[in-house]
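Structure first, then comments.
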Amino acid sequence: MNKPLRDTDLVPDDDGGPLYAAGKKIYPQRVSGSFRRIKWILMAVCLGIYYFLPFVRWNRGLGAPDQAVLIDLANNRFYFFFIELWPQEIYYFTGLLIVAAITLFLMNALGGRVWCGYLCPQTVWTDLFFAVERLVEGDRRERMRKAEEGWSLQRGSELVLKHSIWLMIAWWTGGAWVLYFADAPTLIKDLVTFQAPMVAYIWIGILTFTTYTLAGFMREQVCVYMCPWPRIQAALTDEWALNVTYKYDRGEQRTSLKKAAQARALGEQVGDCVDCNQCVAVCPTGIDIRNGPQLDCIQCGLCIDACDNVMTKIGRPTRLIGYDNDINIHRRMEGKPEIFKPLRARTVVYSALIAGIGAIMLYALLNRSLLDLNVLHDRNPVAVRLSDGSIRNGYTIRFLNKRGFDRVIAVDVSGPPNAVIHIVGADSIVPDRPMIILARDATTELRVLVDSRPSSEEDLAPSTPVAFHVTDIGLGEVASAKDVFVKP
Amino acid sequence: MADHAHHAEIDKVTGTSTTGHEWDGIKELNTPLPRWWIWTFYACIVWSLGYFLVYPAWPLVNGYTTGFFNYSSRAELAVDLAKLDVVRGDKMAALATAPLADIEKDPALLALARAKGKVVFGDNCAACHGSGGAGAKGYPNLNDDDWLWGGTLEQIEKTLLYGARSGHDDAHQGNMPAFGKDGLLEKDQIVQLANYVRSLSGLSVRPGTDLAAAKQLFADNCSSCHGDEAKGNVELGAPNLTDRIWLYGSDEATLIETMTNGRGGVMPAWNERLDPATIKAMAVYVHSLGGGK
Ligand code: SF4
Ligand code: SF4
């Protein structure tokens with residue numbers, strides 16, 4: 001039989017606490033300072049771009065949309081200012097995503113989670129929602145008091161006001177989103193008159209809901225529990241990366257202001273931290289940065305501002321909390337000068353990769369062909385013998401005219417002996433040189449037949465390379481594509 | 001070992017009762033499901049009952065319950081198809097009224113006809129002619145330029161409409177007689193003829209064949225259909241014997257078989273199953289395969 005359990009065997013270690021606990025509500029305090037200012041500016045820039053970019057116009061000529069940034073799903077086009085991308089050019093997005101990822105790595109190697117603290121949409125919108133909350137309900141202490149006091153008419157109306165403003169921001173966020181997918185002014189008119197497609201309303205609904213919940217309620221929980229980046233970032237970082245750091249070499253021992261003054265008067269060594277907890281009060285994730293680097297810290301820099309204000313007030317040097325790393329803390333403790341190494345193997349490699357991929361993309365973009373063709377060989381049958389003994393191969397050729405006007409092209413073929421080309425439906429003045437009109441900004445699929453009359457059977461290999469050449473009669477632009485010509 | 005004694009026992013650590021199940025000393029706590037979970041479960045049951053009532057569900061002896069709204073996926077499909085007809089209506093109408101010769105000159109109509117033709121060809125013709133129209137023994141290759149009944153757009157359309165030996169009044173008629181079986185020619189005459197026909201398209205001939213005599217035999221028996229020059233006759237569906245394309249094969253044995261027993265492949269009349277616009281699209285598609293004249 002089994003050994004009977006003793007009660008003591010099952011007593012859990014008491015350091016871990018309960019496995020589940022209700023979330024702790026955080027009441028971040030208002031703060032002012034240089035990092036707060038940077039955050040306000042970045043917020044204005046990011047939201048400004050997001051909300052107003054769809055209204056920027058860009059003249060692309062007749063028949064083309066004049067919206068600077070437009071994802072035209074119906075016509076499979078993506079417009080970005082002077083760039084127009086087709087579905088088969090989706091690799092530009094791949095390149096863009098790679099560059100974005102490496103830029104994130106570079107940011108991380110230089111300044112830790114700068115993305116999280118300043119640019120991440122979750123941070124930006126949460127910050128905005130916090131601002132609204134403070135405006136309506138008051139600052140930290142007031143909000144905490146009100147939360148304890150319970151219901152009153154005043155409190156109810158405040159909550160209604162706060163949630164209404166939140167919902168309006170959320171709704172506007174969803175509204176801006178759909179404007180990227182259709183002509184903005186028209187869509188707005190349609191939305192207002194309830195003429196817009198259902199999917200537009202659905203997307204506005206989805207984004208309203210997600211913005212409202214994520215920025216209004218989930219907040220730091222998204223960063224701490226849902227977002228993968230803190231985990232990835234932790235694995236990517238190194239000891240030289242600058243992170244928001246409590247400089248314990250300077251801060252410890254913490255004492256009250258009065259005790260510190262007394263100690264200093266006696267010539268004793270004391271820390272600068274006066275344990276005022278301002279850094280904790282302003283933290284949007286509710287943590288204490290003095291416990292060292294931690295996953296919950298989004299590195300927003302607000303605790304730097306909070307502490308700087310305290311330091312200024314008590315007449316001590318600022319940046320007790322600041323962008324720093326452990327190496328420098330140890331160097332200072334050993335009396336060595338601080339060093340900063342923004343140029344390291346990884347930052348150089350990341351920068352080189354960004355520059356390299358960027359250059360390749362730019363080159364590809366500038367040399368992007370506006371006339372193109374794809375060839376598909378007939379499979380069934382691969383080759384046909386005609387009654388006069390000549391051999392015919394059929395191809396389906398897809399011509400791409402990426403220009404905004406119709407153009408006339410001629411198609412020539414080379415490769416198989418005595419090759420003659422015939423395009424079903426083509427008009428031509430010159431015999432054996434079929435010409436067709438390619439509609440503007442469209443693909444045209446045509447059936448192309450190539451006949452070869454070898455002087456003898458041996459004159460034609462079982463498989464011969466064949467090349468198709470397209471010439472724009474007006475512009476002289478050319479494009480070619482290769483395939484094979486086979487014998488039956 | 002499982003201990004199935006169902007006695008309420010309280011676990012000392014958690015203060016929860018156990019189910020009385022025990023495996024290798026590990027006891028199962030009797031933790032109730034969350035209430036929201038239970039209610040979701042009940043709601044699903046109610047929802048599923050609603051499903052039974054709203055949608056066709058229960059099999060009966062001679063049918064099934066049709067549900068409150070008489071929903072059927074077939075009716076839904078009919079609605080979708082009707083919508084499609086509306087969307088494509090004017091395009092198909094344009095196709096129906098355009099003269100055959102003009103369709104290939106109009107890029108939009110040509111694209112429509114080829115797309116439509118390709119689908120209909122795949123559904124109806126591919127079984128015999130292959131998905132790309134490459135044909136097979138006895139089933140013509142539609143990509144080459146050899147046509148039994150003519151390769152112009154009009155001729156192709158007519159063949160599609162009425163077929164060959166299909167039983168339709170307007171169908172192509174014409175038969176390759178069974179010279180051997182019906183006793184019209186002797187066995188050795190047929191051998192001679194077979195070799196003569198091979199010589200017409202430059203194929204090797206069995207030594208000792210009297211080509212001059214065979215030529216006379218051909219003139220007497222075959223030229224009425226295949227022509228004096230053996231170039232064939234599209235009115236009768238008689239193939240050109242001088243080219244290098246053979247429907248049933250060009251070897252001596254196959255030719256002897258052809259002459260002995262005759263041939264008479266059947267092509268169905270499609271006008272009974274497909275509307276004129278569709279047949280037009282198919283004609284254009286087949287013509288654009290490349291062999292059309
Ligand atoms: S600890 Fe400081 S930097 Fe980190 S999240 Fe809190 S306030 Fe921002
Ligand atoms: S704000 Fe500065 S002084 Fe105040 S507790 Fe934080 S680190 Fe110490």
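The values are calculated or read from the model by the stated rules, or taken from the named source; none is laboratory data. This structure is a prediction, so every number in the text was calculated from the model and none was measured. Cβ: placed from backbone, ideal geometry, glycine included. Neighbour counts: every protein chain shown. The accessibility values were calculated without ligands, DNA or RNA, using every heavy atom of the protein model including side chains. Shrake-Rupley method; radii C 1.70, N 1.55, O 1.52, S 1.80 Å.
Look at where the Cα atoms of the range B:163-203 and of the range A:197-235 average out, and the two centres are 78 Å apart. Backbone N atoms of the range B:255-281 closer than 19 Å to the 7 Å Cα→Cβ label point of B:ASP170 belong to residues B:267-281. For the peptides B:56-67, B:238-249, the ranking by mean Cβ contacts within 10 Å, running from highest to lowest, is B:238-249, B:56-67.
How far, in degrees from 0 to 90, does helix B:276-288 lean away from the longest principal axis of the Cα atoms of chain B, to the nearest 10? Roughly 70 degrees between the two axes. In the range B:54-113, Cα pairs under 8 Å separated by at least six residues give a relative contact order of 19 percent. Within the straight-line cut-off of under 18 Å between alpha carbons, the lysines reachable from B:LYS293 are B:LYS105, B:LYS158, B:LYS231, B:LYS280, sequence neighbours fewer than 8 places apart in one chain being disregarded.
With R₀ set to 22 Å, the beta-carbon distance separating A:TRP203 from A:ASN76 gives a calculated FRET efficiency near 0.75. So what's the gap between the Cα centers of the range A:69-104 and the range A:451-473, to the nearest angstrom? Answer, in whole Å: 38.
Per-residue mean of foreign Cβ neighbours for A:381-390 is 6 (Cβ atoms of other chains, 10 Å radius). One Cα centroid belongs to the range A:298-317, the other to the range B:56-109; the line between them spans 71 Å. If R0 equals 60 Å, the separation of the Cβ atoms of A:LEU97 and B:ALA212 corresponds to a calculated FRET efficiency of about 0.15.
Mean projected area of the convex hull spanned by the Cα atoms of chain B, taken over all viewing directions: 33.2 nm².
About the centre of its Cα atoms, chain B shows a dipole size close to 340 debye [charges on the beta carbon of Lys, Arg (+1) and Asp, Glu (-1) only; nearest 20 debye]. Cα axis of helix B:252-261 to longest principal axis of chain B: angle in degrees, 0 to 90, nearest 10? Here the helix axis deviates by roughly 90 degrees. Look at the stretch A:449-459: the mean tally of other chain Cβ atoms within 10 Å of its residues' Cβ atoms is 1. Residue-wise HN-Hα couplings along the range B:94-99, as the Karplus relation 6.51 cos²θ - 1.76 cosθ + 1.60 with θ = phi - 60° gives them from phi, are 4, 5, 5, 8, 5, x Hz; Gly and Pro carry x.
At a probe radius of 1.4 angstrom, the accessible area of chain B per residue rounds to 59 square angstrom.
Please list, or write none, the aspartates and glutamates whose alpha carbon is within less than 20 Å of the alpha carbon of B:LYS83, excluding same-chain residues fewer than 8 places away. Within the straight-line limit of under 20 Å, B:LYS83 reaches these aspartates and glutamates: B:ASP275. Take every pair of alpha-carbon atoms less than 8 Å apart whose residues are at least six positions apart; their mean separation over the length of chain B yields a relative contact order of 21 percent.
Put simply, when B:81-90, B:20-29, A:266-275 are sorted by average Cβ atoms within 10 angstrom per residue, most first, you get A:266-275, B:20-29, B:81-90. Take every pair of alpha-carbon atoms less than 8 Å apart whose residues are at least six positions apart; their mean separation over the length of chain A yields a relative contact order of 14 percent.
In terms of overall dimensions, the protein assembly as shown has a Cα radius of gyration and Dmax of 41.5, 139 angstrom.
When the listed pairs B:LYS187/B:LYS215; A:LYS487/B:LYS137; A:LYS146/A:LYS313; A:LYS259/A:LYS313 are checked against a 27 Å cut-off, the alpha-carbon distance exceeds it for A:LYS146/A:LYS313.
Across the range B:224-231, rounded Karplus estimates of 3J(HN,Hα) from the backbone phi angles (6.51 cos²θ - 1.76 cosθ + 1.60, θ = phi - 60°) give 4, 9, 7, x, 4, 8, 6, 8 Hz, Gly and Pro being marked x.
Peptide B:107-115 has a mean shielding of 3, counted as Cβ atoms of other protein chains within 10 Å of each residue's Cβ. Counting only residues at least eight positions apart within a chain, or on another chain, the lysines with an alpha carbon under 27 Å from that of A:LYS341 are A:LYS39, A:LYS247. For chain A, the membrane-span-like helices by this rule, meaning whole DSSP H stretches whose C-alpha atoms cover at least 20 Å of axis and whose Kyte-Doolittle mean is 1.6 or above, are A:91-111, A:345-366; this says nothing about an actual membrane. Count Lys and Arg as plus one, Asp and Glu as minus one, and take only other residues whose Cβ is under 11 Å from that of B:ALA238; the net charge is then +1.
The packing ranking, built from the mean of other Cβ atoms within 10 Å per residue, places the peptides B:199-205, B:139-145, A:304-310, A:448-454 in the order A:304-310, B:139-145, A:448-454, B:199-205, highest first.
For the range B:236-293, the pair-distance distribution built from all alpha carbon pairs, in bins 5 Å wide starting at 0, is 4, 13, 16, 18, 17, 13, 12, 6, 1 percent.
Here is the P(r) of the range B:107-202: all C-alpha pair distances, binned every 10 Å from 0, give 13, 31, 31, 18, 6, 1 in whole percents.
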